[in-house]
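The values are calculated or read from the model by the stated rules, or taken from the named source; none is laboratory data. Predicted model only: the values in this text are computed from it and were never measured. Cβ: placed from backbone, ideal geometry, glycine included. Neighbour counts: every protein chain shown.
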Amino acid sequence: MAERVILVPERVIDTERGESLRDRAVVVAGERVEGLIAATDVPDGPRVIALEGSTLLPGLMDAHSHLIGLQDAGQGYSSLITRSGAQEALTGVKNARDTLLSGFTTVRDVGTFRAFVDVALREAIEAGWVEGPRMQCAGAYVTCPGGGGDLTGLAPDVDAVVPRELRFGVTSGVDQMRSNVRQILRYGADFIKVLATGAVLTSGTDPGLPEFTEAELRAAVEECTLAQTFVAAHAHGAEGIKRAVRAGVRSIEHGSLMDDEAIEMMAAHGTYLVADMYDGDYMLEEGPALGYTEEVLGKTRLTNHAQREGFTKCVKAGVRIANGTDSGIAPHGWNARNLSLYVRFGLTPMQAIQSATRWAAELMGWEDRVGTIAPSMYADLIAVPGDPADDITLLEDVPFVMKGGRIVKGGAP
Ligand SMILES: [Zn+2]
């Protein structure tokens, strides 16, 4: 019989309905939630953790993290060829721990340049060797040659000898798309990340321009559907977004330069928007000191403000939203700062909480295990003093974190 622990907070957030419940206690048995009971019915016997004045909610979720790698900086991608795969992997140990201890118990990790290091981290976390969030992994970037997910800016002779693991998902044409997607999934990816447009951080690429044909994107979606998974599409420019939505991707990442037609299409198709908003502010503030190039800073200015306008329009149009931060641009562990911007640009605080719990779980297809506090869900729970449905910034400093029934931060007073 699994050990029982009962958590007694001041309020519990029901992320499915978007309501705060008072006078409830949450019973945890082993790694899962057994149920909610009236706070007055807490029996003698099991361990009771009083969280007075606190709000208990599901562990937070980031649908757009990059746990592998050093924090991005102005050196562009050159660190990728001056550092070994082992060094890259061990960055993930720190990043995963920082993420978990900040209250993020699940991430959808949307790519690493060195292929499948994310899968190795996921396995190490699952084995209990490394402290970190539950992960879904992309395995590699599926990108066109010289595109937003390629290692750009190299001299032609160096370019010719880059190891395959740094270019595993570089793809041209429908046939290669099918074979690369199949292989990335076979090597352990949970879903596929495609770069449908250029990227802000990748030198020589234009965020406004599409980088795959609709037929190429459709081939990726078809292969993922066969494998019972989905495609996440990095897309800034409107044409790239529309191709990706028509092809049937599950989410648009960034979505910075969308137009009204793209927003209507996303609403009609049920395509999620995963908008990283805090990282743009961070780059504009810290970018010059970090040594980002004028090219990158210029692209940040171009996308940052436009993204906010598009986000507000998406909220009004009923586009599904899931929290995603592009963590690794701003430091890992600062993930909750994104939610203040979701509130500033259109969501209520409760909706912002839902975007980082239940809605992110639905995006990932994991609503049967995380994102709500209900019987049979993993006991991934956090508590903060006060009410984050009044003040979303309270989630930026989480003193109590439980993952799978085990307290990883804070604990019994
Ligand atoms: Zn990203």
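Quick test for you: out of Tyr278, Tyr282, Tyr292, pick the one residue that is within 16 Å of the ligand (Cβ to nearest atom), under 16 Å from the mean Cα position of the chain (by Cα) and either among the hydroxyl-bearing types (Ser, Thr, Tyr) or not assigned by TED's automatic domain parsing to the domain that holds Glu239 (or both).
Among Tyr278, Tyr282, Tyr292, only Tyr278 is within 16 Å of the ligand (Cβ to nearest atom), under 16 Å from the mean Cα position of the chain (by Cα) and either among the hydroxyl-bearing types (Ser, Thr, Tyr) or not assigned by TED's automatic domain parsing to the domain that holds Glu239 (or both).
Residues to consider are Glu223, Glu214; find the one that is of a type in the set (Asp, Glu) and without any contact (Cβ under 8 Å) to a residue 40 or more places away in the chain.
Among Glu223, Glu214, only Glu214 is of a type in the set (Asp, Glu) and without any contact (Cβ under 8 Å) to a residue 40 or more places away in the chain.
One residue is enough: does the range 352-362 have a residue meeting the conditions crowded, with 18+ Cβ neighbours inside 10 Å, more than 27 Å from Cys224 (Cβ to Cβ), more than 16 Å from the ligand (Cβ to nearest atom) and in the same structural domain as Asn95 (by TED's automatic domain parsing)?
Yes, because at least one residue in the range 352-362 is crowded, with 18+ Cβ neighbours inside 10 Å, more than 27 Å from Cys224 (Cβ to Cβ), more than 16 Å from the ligand (Cβ to nearest atom) and in the same structural domain as Asn95 (by TED's automatic domain parsing).
Of all strands (runs of 3 or more DSSP E) completely enclosed by the range 371-413, which ones contain at least 3 residues that are closer than 15 Å to Val26 by Cα?
Fully inside the range 371-413 and qualifying: 381-385, 400-403.
Please specify each residue of the range 56-78 satisfying the condition of being within 16 Å of the ligand (Cβ to nearest atom) and over 30 Å from Ala389 (Cα atoms).
Hits for the range 56-78 are Ile68, Gly69, Leu70, Gln71, Asp72, Ala73, Gly76, Tyr77.
Any idea which of Ala189, Ala215, Ala140 is more than 16 Å from Ser78 (Cα to Cα) and touching a Phe, Trp or Tyr at 6+ places or on another chain (Cβ under 6 Å)?
Ala140
Does the range 175-192 include one or more residues that are within 22 Å of Thr99 (Cβ to Cβ) and not hydrophobic (A, V, I, L, M, F, W, C)?
yes
Considering only residues of the range 229-253 that are within 13 Å of the ligand (Cβ to nearest atom) and without any contact (Cβ under 8 Å) to a residue 60 or more places away in the chain, which is surrounded by the fewest Cβ atoms within 10 Å (Cβ to Cβ)?
Ile252
Any residue in the range 120-145 that's touching a residue at least 60 places away in the same chain (Cβ under 8 Å) and outside the structural domain of Glu31 (by TED's automatic domain parsing): show its pairings with residues that are part of a helix (DSSP H, G or I) and of a type in the set (Ser, Thr, Tyr) at Cβ separation under 9 Å, as long as the two are six or more apart or on different chains.
Gly132/Thr99; Pro133/Thr99
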